[in-house]
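Peer 1: Before we start, here is the structure in question, set down as structure tokens.
Nothing in this text is a laboratory measurement; each read-out follows from the coordinates by a stated rule. It should be emphasised that the depicted structure is a prediction, and the values quoted were computed from it without experimental measurement. Virtual Cβ from ideal backbone geometry, glycine too; neighbours counted across all protein chains shown.
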Amino acid sequence: MTAFEPWMLLVVSILVFCIGLLGLILRKNLLVMLMSIELMLNAVNLCFVTFSKMHQLLDGHLTVLFVMTVAAAESAVGLGLVIAMFRNLRSVDSDQIQLLRD
Amino acid sequence: MITSMILFPLAGFVINGAWSLWSARNGTRVSPRVSGSIATTAMVAAFMAAIMARAQIPATGSIEVDCFRWFSLGSLSVDFKLRLDALSSIFTLVITGVGAMIHLYSVSYMEEDEAAGKYFAYLNLFCFMMLNLVLGGTLPQVFLGWEGVGLASYLLIGFWYREEANVAAGQKAFIMNRIGDLGFLIAMFIGYKYSGSLDLTTVEKVILPAGVGTSFVLLIFLACTGKSAQLPLFTWLPDAMAGPTPVSALIHAATMVTSGVYLLARLSPVISQSATGMAVIAGIGAATALITAIIACFQRDIKKVLAYSTVSQLGFMFAACGVGAFGAGVFHVMTHAFFKALLFLAAGSVIHGLHGEQDIFKMGGLKKKLPVTFWTFTAGWAAILGLPPFSGFFSKDEILHQALVSNSGSAWLFGVLLIAAVLTAFYMTRLYRLVFFGTPRMDQAKFDHAHESPVPMALPLVLLGVLSLAGGFAGEPVHLAHPESALSTPTWVIMIVSVIAAAIGATIAFRRYSVSEVKAEPTSDVFRIDAVYSKLFGGGLGVIASASQWLEERVVQGMIRMVAAVTDLSGNMIRVLQVGSAQAYLLMMIIALVVMVFYFMKGVV
């Protein structure tokens with residue numbers, strides 16, 4: 001098994017981040033949007049770990065642990081909100097929630 | 001004694017004012033009799049205090065009482081200080097003495113007025129302020145009194161405020177006086193700059209450089225033309241007759257309008273330094289005396305005749321001050337206070353007796369109906385004509401004499417004043433003849449109802465009548481007030497000339513109005529001064545006002561509208577971006593982030 005070069009990992013990280021970003025912007029389903037956010041967070045995690053490995057420092061690993069915790073909390077809250085919205089509107093379409101516009 | 005003299009009227013003001021406010025809140029009425037008695041008692045007490053204070057004055061010099069530190073600004077500190085000397089003593093005696101009589105008269109005159117409590121409060125306030133004016137030891141204190149009497153005058157002219165004309169007259173008086181007050185203020189600043197103090201004792205002695213001295217005198221005189229109704233600011237005084245008659249007698253004849261003479265006499269050492277200023281004062285005084293005497297001959301309203309007569313007599317006083325005879329001016333202030341207050345009160349008694357009639361062509365034959373008024377009016381008439389031995393004879397002859405013989409006097413001045421004296425005799429006799437003699441020219445019913453005034457009104461008339469008769473012999477105290485301008489005995493020639501002048505005027509008037517059918521003359525303001533002023537200043541102000549209006553509407557409001565329009569426009573532009581979709585915002589955010597990253601990375605990469 002050949003070791004991955006750091007740049008490869010970074011390219012993967014950027015690709016995953018961009019996929020998450022595009023998903024967040026383009027998809028209208030809130031559940032998919034939440035998943036896209038997870039993708040972005042994990043792309044960032046990958047980035048952290050890569051740099052940590054490169055510099056032989058533990059700080060990156062530590063930050064990743066924090067990010068994972070926060071991400072878990074975030075998705076819990078986000079899912080709760082989505083469920084609440086579904087109960088009210090019978091839909092999880094992001095175009096349906098534009099009350100602040102007017 | 002001096003302190004209590006000014007505290008009595010203040011106490012009267014506070015009591016009557018508080019009572020009026022309290023009863024207005026509770027919907028009750030102030031009893032005119034009680035309120036008037038309080039005010040009158042305060043004035044009588046003040047008069048007693050004035051007499052006692054007079055006795056305490058040392059032969060030469062003054063009494064000073066430092067009350068408290070009024071204010072201090074940096075190196076300048078002004079004390080609230082009362083100062084009584086021979087000059088201010090004469091004024092305090094006149095103010096409190098004549099004031100007390102007029103208060104007594106008012107008790108009866110205002111008996112049926114709903115707001116009598118307010119009236120007496122104002123009247124006491126006026127006396128307090130007037131005493132401040134003449135007793136003030138510093139210029140700001142004199143100014144306080146100066147403004148205070150103006151305020152009281154304004155309040156009392158517009159006392160019957162339900163009629164718009166009265167309110168307008170009050171405002172006119174107030175605004176006209178503001179013009180003069182500006183002169184007072186600037187003169188006060190000049191005095192401070194050159195003497196380093198605002199104390200009268202210091203300012204009196206200051207020696208001003210020639211040009212500054214003249215402007216100081218002219219500015220002070222400007223203040224006097226406002227307060228004492230001289231040309232060109234005299235037009236407010238005839239209108240001030242809108243107030244109750246006792247007010248006209250006290251404020252607009254006996255006391256307030258003479259404060260200009262007081263100011264000139266008080267500052268006479270400084271005033272005398274400027275020959276130009278003195279000449280202007282004498283000239284304006286004489287011109288005012290003549291012009292207003294002419295106008296007085298064409299008036300129908302009994303109070304207006306007396307008002308123009310007051311302006312004319314004030315002109316005599318200023319002419320006297322202008323030739324350096326301050327003593328003669330002050331002497332005339334005193335005698336004039338007696339006889340003019342008397343004439344006004346008698347006129348008030350006539351008006352009261354006829355239930356508000358003021359047109360002299362609708363009077364006549366009142367001699368029998370109002371005997372006390374008639375006889376006291378006769379005393380006042382003789383005094384203003386200058387018939388010996390009435391008081392006016394002494395003071396007026398003194399002024400005529402000084403106008404001719406003093407250093408700055410001239411035959412011109414004397415001539416103008418003599419013609420004014422002839423006219424004075426004419427219009428006063430016209431008034432006298434039309435009111436008291438001949439056949440009644442009003443309804444029979446009204447004539448039958450005419451009645452003599454009650455004792456509280458008649459008593460002041462009699463007292464003032466006595467003073468008009470004998471006041472001239474009191475020339476000595478005035479002489480003491482101004483030793484530098486000692487009373488010179490008028491020469492026989494001048495005495496005879498002035499009596500003949502008065503006799504000529506009186507005879508013409510008697511003849512003219514002794515025909516059986518007196519033709520009513522229309523009122524005419526001869527020189528149309530009010531009309532000219534309203535054209536000249538009213539027109540100019542109108543132009544300025546419309547220019548300001550244009551400026552305000554177009555420029556100032558335009559700028560404000562522009563700010564609003566810019567905000568509105570930019571808001572509408574940005575509004576397009578607010579689509580309401582969270583994803584659109586996210587997109588914008590990312591674009592902005594990318595742009596920012598590129599911007600900050602520009603230097604690095």
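Peer 1: In nm, what is the difference between 0.36 nm times the number of residues separating B:LYS368 and B:ILE508 and their Cα-Cα distance? Don't skip to the end; give the middle numbers.
Peer 2: Working: separation 140, 0.36 × 140 = 50.40 nm, distance 2.41 nm.
Taking B:LYS368 through B:ILE508 to full extension adds about 48.0 nm, to one decimal.
Peer 1: Just the C-alpha atoms of region B:533-601: what Rg/Rh do they give, with Rh taken as the Kirkwood radius? Walk me through the numbers before you get to the answer.
Peer 2: Details: Rg = 25.6 Å, Rh = 16.9 Å.
My calculation of the ratio gives 1.52.
Peer 1: For peptide B:579-586, compute the average count of partner chain beta-carbon atoms within 10 Å of each residue's beta-carbon. Please report the intermediate quantities before stating the final value.
Peer 2: On the way: counts 2, 7, 6, 8, 8, 2, 0, 4.
That average works out to 5.
Peer 1: Determine Rg/Rh for region B:369-450; Rg is computed over alpha-carbon atoms and Rh is the Kirkwood hydrodynamic estimate from the same atoms. Before the final figure, lay out the partial values.
Peer 2: Working: Rg = 17.2 Å, Rh = 14.7 Å.
Taking Rg over the Kirkwood Rh, I get 1.17.
Peer 1: Would you please give the FRET efficiency between A:VAL49 and B:VAL555, computed as 1/(1 + (r/R0)^6) with r the Cβ-Cβ distance and R0 = 51 Å, to the nearest 0.05? Mind dumping the intermediate values first?
Peer 2: On the way: r = 68 Å, r/R0 = 1.33.
FRET efficiency, A:VAL49 to B:VAL555: 0.15.
Peer 1: Compute the angle between helix B:539-550 and the longest alpha-carbon principal axis of chain B, please, reported from 0 to 90 degrees and rounded to the nearest 10.
Peer 2: Result, in degrees: 20.
Peer 1: Here is a follow-up. Once the Cα atoms of helix B:86-109 and of chain B are each reduced to a long axis, what angle between those two axes, in degrees from 0 to 90 to the nearest 10, is obtained?
Peer 2: 90
Peer 1: On a 0 to 90° scale, report how tilted helix B:116-135 is relative to the longest principal axis of chain B, with both axes built from alpha carbons and the result rounded to the nearest 10.
Peer 2: 90
Peer 1: Given 10 °C and 1.306 mPa s, how large is the Stokes-Einstein diffusion coefficient of region B:279-344 in µm²/s, with Rh as the Kirkwood radius over Cα pairs? Walk me through the numbers on the way to the answer.
Peer 2: Values: Rh = 11.9 Å.
D = 134 µm²/s.
Peer 1: With each label point set 7 Å from Cα along the Cα-Cβ vector, what nm distance links A:LEU31 and B:SER534?
Peer 2: 9.0
Peer 1: Note down, for the protein assembly as shown, the three equivalent ellipsoid semi-axes (square root of 5 times each alpha carbon gyration tensor eigenvalue), biggest first, whole angstrom. Walk me through the numbers before you get to the answer.
Peer 2: On the way: eigenvalues 1489, 192, 132 Å².
Computed over the protein assembly as shown, the values are 86, 31, 26 Å.
Peer 1: Over all Cα pairs of chain B, how is the pair count split among 20 Å bins, expressed in % and running from 0 up to the last occupied bin?
Peer 2: Here the calculated profile for chain B is 19, 49, 19, 6, 5, 1.
Peer 1: A further question on this structure: List the aspartates and glutamates whose Cα lies under 20 Å from the Cα of B:LYS535, skipping any in the same chain that are fewer than 8 positions away.
Peer 2: Cα-Cα hits under 20 Å: B:ASP239, B:ASP525.
Peer 1: Taking every pair of Cα atoms in chain A, average 1/r, invert it to obtain the Kirkwood radius, and report Rg/Rh to two decimals.
Peer 2: Details: Rg = 17.0 Å, Rh = 15.4 Å.
Over the Cα atoms of chain A, Rg/Rh equals 1.11.
Peer 1: Per the Kirkwood treatment, what hydrodynamic radius in Å, one decimal, follows for region B:100-221 from the mean inverse distance over all distinct Cα pairs? Walk me through the numbers on the way to the answer.
Peer 2: Details: mean 1/r = 0.0614 Å⁻¹.
Every distinct Cα pair counted, the radius reaches 16.3 Å.
Peer 1: Another question about this same structure. For the peptides B:156-166, B:110-120, what is the packing order when you average, over each peptide's residues, the other Cβ atoms within 10 Å and list the highest mean first?
Peer 2: Sorting B:156-166, B:110-120 by mean packing, highest first, produces B:110-120, B:156-166.
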